[in-house]
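Participant: One structure follows; several queries about it will come next.
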Amino acid sequence: MDELENMLNIRIQRTSNFSKVNYEIKITTETPVNAQQFPNMDFNFKKIDIVCSEVELDSFFKINNEIKEICKNIEKLKSRFFVRFVFDKCYIKFWNENINLDSHIEFNECKINVNVQDVNIDEIYLKTQNFQNCNFENLSLLSGEVKTVHIDLINASINLFQIVIMEISDNKANKIAIRNSKINQIMIQKAVIKMNFVIHASTVNTITIKDVYFESLSAFNEVIFQDKFGFHEVTYKGLTLFDKCVFNTNAEFEYIFFEKFASFRGTTFNRGLNLDYTSSDKDINFFGIKGLESKESKANTSQETYRSIKHNLEKIGNKIDANKYHTLELDQKRKELKENKWKNKKEYVVFWLHNLSSEHSTNWFLALCWIFFVGILTVFFLHLDIAKDLVFHPEHFKGEYFAKLFDQVLKFIYIGNMEDELKTHPLIFLLNKVSLGYLYYQFLTAVRKDTRK
């Protein structure tokens, strides 16, 4: 082991940059798991870990090239070696430089700072195999041109991720995919992104996307948006997904254009949604969305947004959910009328009665209760002695007396009842028939909402 370690030290000391870094060489002999199946053959190999701990590197480009040369020299030894260069708890900066790391380079629990600004470079590869539990303090692509951008990270922590004034083409190698990660802030502005952009099963505190073209897949799936969400002047030319997301902030979509299919399937909006200035050439899937009926969501969701959701649900034949958002749409309309009720007295009264009687033709049980109430009022107005008895002797309303009263109520909730007893009181007759006609219509409409095709 000492001879091999000395040999490695000699090769490292020949380098001008890596030799200045404090490092430790660890050599162990490893045996593959299935080696016991071949007892007459030696599958052992030496595992060489060159570990650099708690160092700060302002540039990694030159050291990366030197590591490649060291590996080439180790390969010339013609022995079975598995080499890793491990940077543990280090602070690494990649400033305006190409990033292309071989698989034997590993950053463990490091602070990473990537910045490209006003320069043209060839490639940036940030792969999960190289970064384990790392904190990306800054991951910024600001103007300039990068021919290949390949970001594929899992279980990362990102403080700031931004793309500004850039065009990222689709050259088959380009990719942005971040999964199971925590992201504090995302900012994308004045950019054209032609390749797939995917964030999956992650938490995002703040995100702002403005004046951006997504020309391929754009997917935020199972993402939790916490503090701020603002999409403005964004054009989606490819498939767009916001499936099973959770918005703990108001979801602001302003001047958004979906050229192809968009989906919010199974997404929860806890603080409202704004689609007032959103348009789409294709259907938008809102199946299974939740939260927009809550008090807080209603305060931040407009009538136009509810109408848009209702319209898209009706287009795919989902009448049941469409009626739910039709109710919410009318409820927002009622609030608007209430704020200006002195200017729209008649329209406000109609909306108020519609909501009071059947919650805008969605609650058949409420309409049925009102029908029985009209019957009770009719009995009381026709027989004032019954009303007085109810006030002064409520204990009478039981047994046979109650059964007779119930029969009377059933008689007067029948809209076709034309008995002389009712006709001799024209005002009561009129109010009974008009009220029952209106309530029967609301009852039938409410029942149909869950059964119509």
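The values are calculated or read from the model by the stated rules, or taken from the named source; none is laboratory data. Here the structure is a predicted model, which is why all the values come from computation and not from measurement. Cβ placement follows ideal geometry from the backbone for every residue including glycine, while neighbour counts extend to all protein chains displayed.
Participant: Go through the range 280-295 and give me each residue that's over 14 Å from the mean Cα position of the chain (by Cα) and more than 21 Å from Q332 (Cα to Cα). Please lay out each step first, then the result.
Facilitator: Applying the first criterion (over 14 Å from the mean Cα position of the chain (by Cα)) to the range 280-295 yields 280-284, 293-295.
Scanning the range 280-295 gives S280, D281, K282, D283, I284.
Participant: Which one of the conditions (1) touching a strand residue (DSSP E or B) at 6+ places or on another chain (Cβ under 8 Å); (2) modelled with pLDDT under 95 does H150 fail to meet, given that it meets all the rest?
Facilitator: (2)
Participant: Residue under question is F197, and the condition is that it be within 16 Å of the chain's Cα centre (by Cα) and crowded, with 18+ Cβ neighbours inside 10 Å; does it hold?
Facilitator: It is true that F197 is within 16 Å of the chain's Cα centre (by Cα) and crowded, with 18+ Cβ neighbours inside 10 Å.
Participant: Next question. Tally time: how many residues in the range 67-103 are among the charged types (D, E, K, R), in a helix (DSSP H, G or I) and buried (at least 17 other Cβ atoms within 10 Å of the Cβ)?
Facilitator: Residues meeting the conditions: 0.
Participant: Could you give me the residue pairs with C-beta distances under 8 Å whose first residue belongs to the range 265-278 and is closer than 13 Å to E222 by Cα, whose second residue is acidic (D, E) wherever it lies, and which are 6+ apart or on separate chains?
Facilitator: Partner pairs satisfying both residue conditions: R265/D243; G266/D243; T267/D243.
Participant: Here's a check for you: in the range 404-453, which residue that is of a type in the set (D, E, K, R) and closer than 23 Å to T362 by Cα is modelled with the highest pLDDT?
Facilitator: Across the range 404-453, the extreme among qualifying residues is K433.
Participant: Please go through the range 104-115 and give me each residue that is in contact with a Cys (Cβ under 8 Å, 6 or more places away or on another chain) and assigned to a strand (DSSP E or B), ordered by number.
Facilitator: F107, N108, K111, I112
Participant: Still on this structure: For I207, indicate whether it is free of Cβ contacts under 8 Å to residues at least 40 places away in the same chain and surrounded by fewer than 17 Cβ atoms within 10 Å (Cβ to Cβ). Steps first, answer last, please.
Facilitator: Numbers: free of Cβ contacts under 8 Å to residues at least 40 places away in the same chain: yes; surrounded by fewer than 17 Cβ atoms within 10 Å (Cβ to Cβ): no.
So I207 does not fit the description; no.
Participant: Something else now. Just to be sure I understand, how many residues within the range 185-203 are touching a residue at least 24 places away in the same chain (Cβ under 8 Å) and assigned to a strand (DSSP E or B)?
Facilitator: 10
Participant: Please list, ordered by residue number, the strands (runs of 3 or more DSSP E) wholly in the range 223-304 having 3 or more residues that are crowded, with 18+ Cβ neighbours inside 10 Å.
Facilitator: 224-236, 251-258
Participant: So which residues in the range 159-184 are part of a loop (DSSP other than H, G, I, E, B) and in contact (Cβ under 8 Å) with a residue 12 or more places away in the chain?
Facilitator: Scanning the range 159-184 gives S169, D170, N171, A173, N174, N180, S181.
Participant: How many of the residues making up the range 13-24 are assigned to a helix (DSSP H, G or I) and over 17 Å from V55 (Cα atoms)?
Facilitator: 1
Participant: I want to confirm something. Restricting to the range 1-27 and keeping residues that are polar (S, T, N, Q) and buried (at least 16 other Cβ atoms within 10 Å of the Cβ), which single residue is farthest from F87 (Cα to Cα)?
Facilitator: This residue is T15.
Participant: Within the range 116-144, track down each residue that is part of a strand (DSSP E or B) and exposed (fewer than 15 other Cβ atoms within 10 Å of the Cβ). Spell out how you get there, then give the answer.
Facilitator: So the first thing to find is which residues in the range 116-144 are part of a strand (DSSP E or B), and the list is 116-117, 120-127, 131-132, 135-142.
If the condition is that a residue be part of a strand (DSSP E or B) and exposed (fewer than 15 other Cβ atoms within 10 Å of the Cβ), then Q117, N120, D122, E123 are the ones that fit.
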